[in-house]
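Taken together, the values in this text are just the output of simple stated rules run on the coordinates, not laboratory data. Predicted, not measured: the structure shown is a model, and the values here were computed from it. Please note: Cβ atoms are built from the backbone with ideal geometry, for glycine as well, and neighbour counts cover all protein chains shown.
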Amino acid sequence: ILFLGMKFSQGTYQPQPHIAEELFNFPEENLTVKQIQQFLGIINYIRDFIPKVARYTSPLSKLLKKDPPPWGPEQTQAVQEIKKIAQDPPALKIPGDGKRILQTDASDHYWGAVFIEEEQGKKFYCGHASGQFKEVEKHYHTTYKEVLAVKNGIKKSDFHLKGHHFEVQMDNSSFPKILDFKNKLPPEPQILRLKDWFSRYDFTVKHIKGKHNLIPDSLSRPIIFP
């Protein structure tokens, strides 16, 4: 079934070839402001299929701000990497009755999340999400950034997570402790707001070793597809 630029087949979906063809029509250097806007518009439509897409779009988004820097190697590389990934986008699984898993990760400037469904011992990708932290958030403690990565990841997959139990997997073991107030001191307002927000969802947190986190690996090629 072909619908709105997507191909649906046997419980999966992926962009039709003409989406990638549109991206390849753009030059790799010195795009105009209008071309950058059009290029990013196409990327935004297929961002679920591109792991940590924010890392690639950030250099281009800089050129749309007031007093932008000149075009440089960073922008050229971003365009090249996006075209490379879009050339062979993965098929994503439409979530069913399997175990729902959200793996998250955070760095100094970016956060990433992978929505996975596990069925009969096999894991299938259902979507990717990523973004750049706000300037004020970039100064937060590492643990806070990990918490924000979880929050942002849940927001991006809200439609498939709300009303379902799911497991959050992360390589930071501090997350559950942050939301568990056992001391007598009043918690920081920021933590209270986070706890209230997370209370809307039914999930457990599992600490996993970094080598088992699929997000860093998915920067190159996803491991398992339906």
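A straight chain from LYS62 to GLU22 at 0.36 nm per residue would run longer than the Cα-Cα distance by 12.2 nm. Among rounded, prolate and oblate, which fits segment 50-162 when a ≥ b ≥ c are the square roots of the eigenvalues of its C-alpha gyration tensor, a/c under 1.5 means rounded, and a/b larger than b/c means prolate? Cα axes put segment 50-162 in the oblate bin.
Could you tell me which of the pairs LYS65/LYS134; LYS62/LYS156; LYS134/LYS156; LYS138/LYS162; LYS83/LYS156; LYS52/LYS93 are separated by over 21 angstrom between their Cα atoms in the structure shown? Too far apart for the 21 Å limit: LYS62/LYS156; LYS138/LYS162; LYS83/LYS156. With all projection directions averaged, the alpha carbon convex hull of segment 2-86 covers 5.7 nm².
Considering only PRO69, PRO15, PRO27, the Gaussian network model of the chain with Cα springs below 10 Å gives its largest mean-square fluctuation to PRO69. Taking 15 Å as the straight-line reach from the Cα of LYS195, the aspartates and glutamates in range (excluding those fewer than 8 positions away in the same chain) are GLU146, ASP180. For the chain, the longest principal axis of the Cα atoms and the long axis of helix 73-86 meet at an angle of about 80 degrees. Relative protection proxy for 113-120, 159-166, from highest mean packing down: 113-120, 159-166 (other beta-carbon atoms within 10 angstrom). Our summary gives segment 2-86 a relative contact order of 28 percent, counting only alpha carbon pairs under 8 angstrom and 6 or more residues apart. Computed on the Cα atoms alone, the convex hull of the chain gives a volume of 139 cubic angstrom per residue.
Highest mean packing first, where packing is the average number of other Cβ atoms within 10 Å per residue, the peptides 194-207, 39-52 line up as 39-52, 194-207. Take every Cα pair under 8 Å whose residues are at least 6 apart in sequence, average their separation, divide by the length of the chain, and the relative contact order is 19 percent.
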